[in-house]
1. I need every pair where a residue in region 31-58 that is in contact (Cβ under 8 Å) with a residue 24 or more places away in the chain and within 28 Å of ASP17 (Cα to Cα) has its Cβ under 9 Å from the Cβ of a residue that is assigned to a strand (DSSP E or B) and among the acidic types (Asp, Glu), sequence separation at least 6 or different chains.
2. Can you spot a residue in region 8-21 that is within 18 Å of THR90 (Cβ to Cβ) and not in a loop (DSSP other than H, G, I, E, B)?
3. Among the residues of region 38-53, which ones are in a loop (DSSP other than H, G, I, E, B) and surrounded by 18 or more Cβ atoms within 10 Å (Cβ to Cβ)?
4. Does TRP91 fit the bill of being buried (at least 16 other Cβ atoms within 10 Å of the Cβ), of a type outside the set (D, E, K, R), part of a loop (DSSP other than H, G, I, E, B) and out of contact with any Cys (no Cβ under 9 Å at 6 or more places or on another chain)?
Amino acid sequence: MQPTTEEIFAALRTCRDPEIPINLVDLGLIYGVEIVAPANAAEGADVQVRLTLTSTGCPMCHAIVGEVQRKLQCLPGVRAVRVQIVWEPTWHPGLISAEGRRLLQPQPAS
């Protein structure tokens, strides 16, 4: 059985940008997910993820891509994971979700 889009996004929410304490989904870095079912369902599905980074010179690019691949590859029914880095549209802070903005707010001192 192939993974659902919800399962893919749940796994992506466990992936974080090492420099910003928010998961990739809430940070607005995931631009799309595609699940490609094989001709033979027993083989597992291929998962394609389109993501961007906060800057073109992001020093953590390889770490982020590697984490996405590792987390998704662990899902039942995933045969292969392909991560495509895209630059259009350009990422901007307005893409951060409401939950992500909440997480970025300074926490009151105890």
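1. Filtered contacts from region 31-58: ILE35/ASP46; ASP46/GLU34; VAL47/GLU34; GLN48/GLU34; VAL49/GLU34; ARG50/GLU34.
2. Within region 8-21, none of the residues are within 18 Å of THR90 (Cβ to Cβ) and not in a loop (DSSP other than H, G, I, E, B).
3. GLY44, THR52, LEU53
4. On the way: buried (at least 16 other Cβ atoms within 10 Å of the Cβ): yes; of a type outside the set (D, E, K, R): yes; part of a loop (DSSP other than H, G, I, E, B): yes; out of contact with any Cys (no Cβ under 9 Å at 6 or more places or on another chain): yes.
Yes, satisfied.
Let's see how each residue does on (1) buried (at least 16 other Cβ atoms within 10 Å of the Cβ); (2) within 25 Å of ARG102 (Cα to Cα); (3) not basic (Lys, Arg):
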| position | (1), (2), (3) |
| --- | --- |
| THR5 | no, yes, yes |
| ALA10 | no, yes, yes |
| GLU19 | no, yes, yes |
| LEU24 | yes, yes, yes |
| GLY32 | no, yes, yes |
| ILE64 | yes, yes, yes |
| VAL68 | yes, yes, yes |
| GLN73 | no, no, yes |
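Values quoted throughout were computed directly from the atomic coordinates according to the rules given, and no laboratory measurement underlies them. As the structure is a prediction and not an experimental result, all values here were calculated from the model. Note that each Cβ is placed from the backbone with ideal geometry, even for glycine, and that neighbours are counted across all protein chains shown.
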